[in-house]
Amino acid sequence: MKKILTLLFLTSFAIGQSQGLISNVSNRNTTSLNGVWNYIIDPYQTGFYSFHLDQYDKSEKPAKGAFFSNYHAQNKQELVEYDFDKSPTINIPGDWNSQVAELKYYEGNVWFKKSFDYNLTANKHLFLYLGAINYKADVYLNGKKLGTHEGGFTPFNYEVTSIVKPTGNYLVIKVDNTRHKEDVPTVNTDWWNYGGITRDVNLIEEESSFVEDYTIQLKKGNANIISGFIKINNLDASKNNISISIPELKINFKGKAASNGILNFEIPAKKISYWSPENPKLYNVTVGFNGKKLNDQIGFRTIETKEDKILLNGKEIFLRGISIHEENGKGGRANSVEDALRLLNWAKELGCNYVRLAHYPHNENIIREADKMGIMVWEEIPVYWTVEFKNDNTYKNAEDQLTASITRDKNRASIIIWSMANETPISDARNTFIRNLASHTRSLDNTRLISAALLTKKETIDDPIGEVLDVVAFNQYLGWYGGNLEDAEKITWKSKYNKPIVVSEFGGDAKAGFHGEKNERWTEEYQEYLYIQNLKMIEKIPHLSGTSPWILVDFRSPKRLLPGIQDGYNRKGLISNDGEKKKAFYIMQDWYAKKKKEYQ
Ligand code: GCB
């Protein structure tokens with residue numbers, strides 16, 4: 001009987017397809033699969049293709065040589081040329097480059113395996129949730145393919161209800177971080193291509209009909225209405241009772257989902273204590289459905305632009321920001337709450353009320369911590385430099401990454417800006433690509449601002465994309481890639497747009513502890529002088545509404561090769577990767593203290 005049931009399940013669930021993304025995972029009933037996993041380095045993809053290059057997972061009965069079969073020799077005579085259980089181990093989450101010396105520069109295929117037991121209660125459903133894998137993942141549970149996912153910084157999930165067993169499960173993931181021109185990002189980036197399962201792996205247990213996702217935010221243009229949607233996965237019409245409660249606001253809303261599983265709602269609210277850097281108020285919000293409650297901690301605030309000003313809760317603000325890469329200071333990817341606090345506390349010390357999380361969606365921990373600390377966030381997708389703007393698949397890939405980031409983070413008050421791209425060269429194809437991303441973003445979330453970090457020519461902001469942006473941001477490197485620092489005060493900027501302007505990058509390299517004259521490149525004094533002069537120029541930029549210098553901490557980049565100075569690091573950090581503050585840190589700190597007073 002059990003066997004028949006299993007078979008029925010197998011046919012009634014789509015295997016190999018990623019389901020709708022489940023949000024708010026940290027507040028759900030999860031079992032972590034983090035920890036020690038076995039890995040096999042497979043540069044020739046021996047576990048994926050036969051010797052005549054037939055892809056094993058395309059055949060009905062995969063060969064035992066297919067690594068996802070996790071096959072073990074049955075007797076002393078049998079030929080099997082791999083064994084996960086005798087292979088080395090690695091910590092997950094974690095990139096392979098910083099954990100295994102021989103993989104420091106490796107770009108290619110690595111297989112990972114985790115064994116686990118799981119007792120799934122009858123009638124419950126189980127999902128495998130992967131926080132991020134860089135770049136391409138082929139995922140298999142107990143030898144069955146769940147799917148393939150591309151994009152190194154966004155989460156995805158698969159239903160595994162029909163596949164999981166009480167004991168002896170084996171989850172196998174092939175990770176490939178080979179760079180390709182058509183990918184997002186493309187082959188050329190100024191950051192390390194960390195490979196691996198870089199974020200948390202969780203099993204999520206749910207009822208058969210459950211709250212998959214929701215938006216609970218202030219309605220655009222109305223600070224006294226909380227609106228959004230609740231999306232039920234696998235709606236069971238006999239249990240269609242949804243509730244939203246926010247006890248502190250005396251909200252106790254009840255409603256029903258339409259037959260497509262979606263409830264759209266608007267709830268009037270009084271006396272909301274609005275979220276801001278000075279008051280990072282988060283409300284306990286509970287979504288109830290089918291006898292289960294899902295909690296969240298949500299802040300409410302408005303963010304809008306009026307002519308050339310950015311208004312938070314109706315009041316003009318200046319974004320005192322800093323750009324941040326997702327690195328942990330130990331030469332690897334950041335992921336933990338501890339990593340997030342280290343970075344955000346430095347930003348706070350610098351006097352920031354805002355961070356630009358460059359150049360891809362960072363882990364959810366840092367966004368949640370920013371929510372709690374009252375730090376506003378710019379979130380970006382890796383449409384960086386020269387992705388293939390004419391390629392429809394590349395567009396689809398970028399749009400999917402955007403959708404996943406918005407789905408994951410849309411209830412975080414800290415996020416005020418979705419960024420579409422960084423330093424992309426103007427062309428018709430690129431303009432269309434970014435316009436389409438912008439309208440896609442607005443269709444998913446009309447409450448936040450849209451921006452992109454642009455390039456400029458001759459101190460004039462004149463990029464056709466400016467038309468679709470709410471905030472016009474641009475990067476400039478006076479005194480580093482060109483221009484004379486002595487001229488700083490004389491330089492005047494012009495903008496074609498009467499919109500808020502943010503200088504999303506400026507800066508220069510300095511090796512911490514290396515001292516000299518202010519005109520000696522790579523010294524802390526050079527960087528300090530560069531900041532002093534750039535700020536004199538920046539202060540006069542019309543419509544200026546914020547800055548996010550490049551960058552908080554030195555970060556690894558394969559493009560930065562100068563021995564004794566760079567040694568594989570971009571040294572534009574205000575802080576070294578060992579945590580040492582450079583002189584320029586204090587210039588920026590003073591300037592932000594001044595700006596804070598101006599906008600009080
Ligand atoms: C830029 C890029 C950033 C680089 C930086 C640099 O304009 O946006 O990713 O790391 O310049 O250091 O050159």
Which trypsin sites (Lys or Arg not before Pro) from the stretch 355-453 combine a DSSP loop assignment with at most 15 other Cβ atoms within 10 Å?
Lys390
Pick out, from Trp192, Val139, Tyr129, the residue whose Cα sits farthest towards the positive end of the charge dipole of the stretch 123-207, with +1 on the Cβ of Lys and Arg and -1 on the Cβ of Asp and Glu.
Val139
In the chain, what % of DSSP beta bridges are antiparallel (nearest 5)?
75
From zero up to wherever the largest Cα-Cα distance of the stretch 245-291 sits, split into 10 Å bins and tell me the percent of pairs in each.
20, 45, 26, 8, 0
For the chain, the longest principal axis of the Cα atoms and the Cα long axis of helix 583-598 enclose an angle in degrees, to the nearest 10, of 80
For the Cα atoms of the chain, what angle does the longest principal axis make with the long axis of helix 524-538, in degrees from 0 to 90, nearest 10?
70
In degrees between 0 and 90, to the nearest 10, how far off the longest principal axis of the chain does helix 364-373 point, with axes built from Cα atoms?
50
Mind checking the alpha-carbon convex hull of the chain and giving the volume per residue in Å³?
155
For the chain, build the charge dipole from Cβ charges (+1 Lys, Arg; -1 Asp, Glu) around the Cα centre, then report which of Leu552, Ala223, Ile501 sits farthest towards its positive end.
Ala223
DSSP-loop chymotrypsin sites (Phe, Trp or Tyr not before Pro) across the stretch 195-294, with at most 12 other Cβ within 10 angstrom:
none
Unit charges on C-beta of K, R, D, E only; dipole of the chain, Debye:
1540
For the stretch 551-600, list log₁₀ I(q)/I(0) at each q in 0.17, 0.19, 0.27 Å⁻¹, using the Debye formula over Cα point scatterers of equal strength and ignoring solvent, two decimals each.
-0.57, -0.65, -0.94
Inter-centroid distance (Cα atoms) of the stretch 299-339 relative to the stretch 391-416, Å
17
What is the Cα coordinate range of the stretch 46-103 on the first, second and third principal axes, sorted by size from largest, in whole angstrom?
36, 28, 18
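Readers should treat all values here as calculations from the given coordinates under stated rules, not as data from a laboratory. Computed from a prediction, not measured in an experiment: that's the story for all the values here. In this analysis, Cβ positions are derived from the backbone assuming ideal geometry, glycine residues included, and neighbour counts consider all displayed protein chains.
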